Amino acid sequence: MKRIGILSDTHSCWDQRYERHFAGCDEIWHAGDIGDISILQKLEELAPVVRAVAGNIDHGTVRRKCREVEIFEIEGVRVMLTHIGGYPGKYQPGIKTMLRDNAIKLFVDGHSHILKVMFDRELDTLHINPGAAGTQGWQQQRTLVKLTIDNGTMKDLEVIELSKPSVK
């Protein structure tokens, strides 16, 4: 059994509450637009495994460290993590084919800053966009997601609302 913390679109924003909400997670996944490499370094202090992909604003050290797509298996579930992917019925070009060809059961992306959890019945795939964890952007609510994966089963999905972005 693995407890997973999922976030996206931090845009270099570190919030101390990430520590509390991701305490006890076995892995943390960041679905891109990380911003500064220090965000990944701090996440690595919170969980034994951190998986992250580069987003469209990422450059420099983040771009060199992170690929655009990660495909892996955890607890019997094939996972695809990317930044810009769309969602069931509105996938970005090529994404649906990648999901089908790689037998993906959990698809995680970011970019939209909109929290979205949907099941794609055609592909038998759960889609999660954790929304935006940072303050950059137009989103009205900052969100994180936690999920348990246990022997092929995804369960106990929890949405964590932080707070509205502060006005600068």
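Tabulated data
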| quantity | calculated |
| --- | --- |
| Out of GLY89, GLY110, GLY35, GLY131, sole residue that is open to solvent by less than 70 Å² (accessible area, probe 1.4 Å), over 11 Å from the mean Cα position of the chain (by Cα) and not charged (D, E, K, R) | GLY35 |
| ILE28, sole failed condition from (1) touching a helix residue (DSSP H, G or I) at 6+ places or on another chain (Cβ under 8 Å); (2) not in a strand (DSSP E or B) | (2) |
| Test: residue in region 83-101 that is within 19 Å of ILE4 (Cβ to Cβ), of a type outside the set (A, V, I, L, M, F, W, C), modelled with pLDDT of 95 or more and not in a loop (DSSP other than H, G, I, E, B) | no |
| Filter pass, SER12 being in contact (Cβ under 8 Å) with a residue 24 or more places away in the chain, out of contact with any helix residue (DSSP H, G or I) (no Cβ under 6 Å at 6 or more places or on another chain), over 30 Å from LEU123 (Cβ atoms) and surrounded by fewer than 15 Cβ atoms within 10 Å (Cβ to Cβ) | no |
| Identity of the residue in region 48-69, among the small types (Gly, Ala, Ser) and open to solvent by 10 Å² or more (accessible area, probe 1.4 Å), that ends up nearest to HIS127 (Cα to Cα) | ALA52 |
| Region 140-164, residues that are open to solvent by 50 Å² or more (accessible area, probe 1.4 Å), of a type outside the set (D, E, K, R) and either more than 16 Å from CYS25 (Cα to Cα) or touching a helix residue (DSSP H, G or I) at 6+ places or on another chain (Cβ under 7 Å) (or both) | GLN140, GLN141, ASN151, THR153 |
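Okay, residues lined up against (1) farther than 17 Å from GLU161 by Cα; (2) modelled with pLDDT of 95 or more; (3) among the aliphatic types (A, V, I, L, M); (4) in a strand (DSSP E or B):
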{"position": "TRP14", "(1), (2), (3), (4)": "no, yes, no, no"}
{"position": "TYR18", "(1), (2), (3), (4)": "no, yes, no, no"}
{"position": "GLY24", "(1), (2), (3), (4)": "yes, yes, no, no"}
{"position": "ASP33", "(1), (2), (3), (4)": "yes, yes, no, no"}
{"position": "ILE39", "(1), (2), (3), (4)": "yes, yes, yes, no"}
{"position": "LEU46", "(1), (2), (3), (4)": "yes, yes, yes, no"}
{"position": "GLY55", "(1), (2), (3), (4)": "yes, yes, no, no"}
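The values are calculated or read from the model by the stated rules, or taken from the named source; none is laboratory data. What you are looking at is a predicted structure, and each value in this text was computed from that prediction instead of being measured. With ideal geometry, Cβ positions are generated from the backbone for all residues, glycine too; neighbour counts draw on all protein chains shown. All accessible areas refer to the heavy atoms of the entire protein, side chains included, with ligands and DNA or RNA removed. Shrake-Rupley method; radii C 1.70, N 1.55, O 1.52, S 1.80 Å.
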